[in-house]
1. What ranking do Y70, Y79 get, fewest neighbouring Cβ atoms within 10 angstrom at the top?
2. Ranking C17, C8 by Cβ neighbours within 10 Å, fewest first, what do you get?
3. Given points 7 Å out from each Cα along the Cα-Cβ axis, report the F122 to N7 separation in nanometres with one decimal.
4. Of the options T95, V28, I40, report the single residue whose Cα projects farthest towards the positive end of the charge dipole of region 11-147 (beta-carbon charges: Lys, Arg +1; Asp, Glu -1).
5. By count of other Cβ within 10 Å, fewest leading, how are T111, T95 ordered?
6. Could you order the peptides 18-28, 126-136 from most to least packed, using the average number of other C-beta atoms within 10 Å per residue?
7. Mean residue ellipticity at 222 nm from the helices of the chain, using -39,500 (n - 2.57) per DSSP H segment of n ≥ 4 over the full residue count, to the nearest 500 deg cm²/dmol?
8. Could you work out the relative contact order of the chain, using alpha carbon pairs under 8 angstrom and six or more residues apart, expressed as a whole percent?
Amino acid sequence: MKFIRSNCWVLVILMICFIFMNSLTPAVSSKALSSDITNIILNGFNSIHVQMDYDFLHLMIRKSAHFTEYAILGILIMYAVKTKPLFQSSVVNFTVFFLVPITDELIQKFTPGRSCEIGDMFIDASGMIVGCLLVLGVIHFLLDKKK
């Protein structure tokens, strides 16, 4: 735990790099990975005799990946802000990091076969908000438990 506490901002930066690296992945490679995951899940549904539309499932997996990586980023950011704030103002801390989804989508605009989508920016930001709220909920729960 001491390692995480002392390197919390490093973990945030590493997660941002992971997100940006995914955005730099050409569409062909990105689609192949999400198609593999879709096929695995689809096979699982088929094994229990549940029919699922491939295109819908594929879309949900892709959008869930956006949401999940940003939820993890939100968790890391909130933990870092609560542990070692970079700036005095929480507004500045969060404004800087809400620029990440915008930058992420702009990177995709220049990646072969990818596109910049405003809807994805909202999914990303929503994931980040949910991650932050999860940390606040845990903190609130732990503080209530102490009382």
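1. Listed from fewest to most nearby Cβ atoms, that is Y79, Y70.
2. If I rank by nearby Cβ atoms, fewest first, I get C17, C8.
3. Result for the modelled spin labels: 3.8 nm.
4. My answer, from the dipole projection, is T95.
5. T95, T111
6. Per-residue Cβ counts within 10 Å, averaged per peptide and sorted highest first, yield 126-136, 18-28.
7. Value at 222 nm, helices only, nearest 500: -28500 deg cm²/dmol.
8. Normalised by residue count, the contact order of the chain is 34 percent.
Every number here is computed from the coordinates shown, using simple stated rules; none is lab data. Computed from a prediction, not measured in an experiment: that's the story for all the values here. For neighbour counting, all protein chains shown are included, and Cβ atoms are generated from backbone atoms with ideal geometry for every residue, glycine included.
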